[in-house]
Structures are given as C-alpha cells and as structure tokens.
Amino acid sequence: MIRDPEGRLSRAVEAWEGGDPEGAARIARGLAGDIKGLHPRMPWRAAYALARFMVENTADARREIREEAERFRGADHISDSGR
C-alpha cells in the first residue's frame, strides 16, 4: 500500500473527474516520485504509468459507485414496511 499523506491521489482523481487531464498528469508525476521512493529500482516510466493507472482506475471506480448508488436510490423494490 502506498501512503499518500499529501492527498495526491485524491487531488489527481478530482482533477481527472473535473476535466483537467493535464492537472491530473502533473499531480500523478508527484505520485510517481513517491512510488520511486518506495521502489528506487523501478524505472521512472513504470512508476508514472502506475500512478496514471491508479488515478484513472480510482476515477472509474468512483463513477461506478456513484452510478450504483443512484440506481439503488431509485429502486422501487425496497419496501417501506420495515419487513
């Protein structure tokens, strides 16, 4: 697990979701530096690719969770009777 005390992943995901892929890429470069710090022998391009993958995958997962929550909220099969 990668620790992210500065919240880089969250900020990059928010930039990605907000339509700012350049901003997300800039933040992902900082995240790639954190990955390199943990794995110094990893090539820079691999660390950056992993960081971008993490950003895009997290954004996709958040979108799917929101869609599922909306679908659940709109479900008419849930009874209000408490049974």
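Derivation of every value follows stated rules applied to the coordinates shown; laboratory data play no part. As the structure is a computational prediction, the values presented were derived from the model and not from experiment. Positions of Cβ are backbone-derived with ideal geometry, glycine not excepted, and every protein chain shown enters the neighbour counts.
What's the extension gain from ARG73 to ARG45 if we count 0.36 nm per residue and subtract their Cα-Cα distance?
Separation in residues times 0.36 nm, less the Cα-Cα distance, equals 5.9 nm.
Restricting to Cα pairs below 8 Å that are 6+ residues apart, what does the relative contact order work out to for the range 1-75? Please round to a whole percent.
It rounds to 29 percent for the range 1-75.
Provide the descending list of Cα extents for the range 1-71 along its principal axes, expressed in whole angstroms.
Sorted from largest, the Cα extents of the range 1-71 read 45, 24, 21 Å.
At ARG66 and GLU17, where each label point lies 7 Å from the Cα along Cα→Cβ, what is the point-to-point distance in nanometres?
0.5 nm
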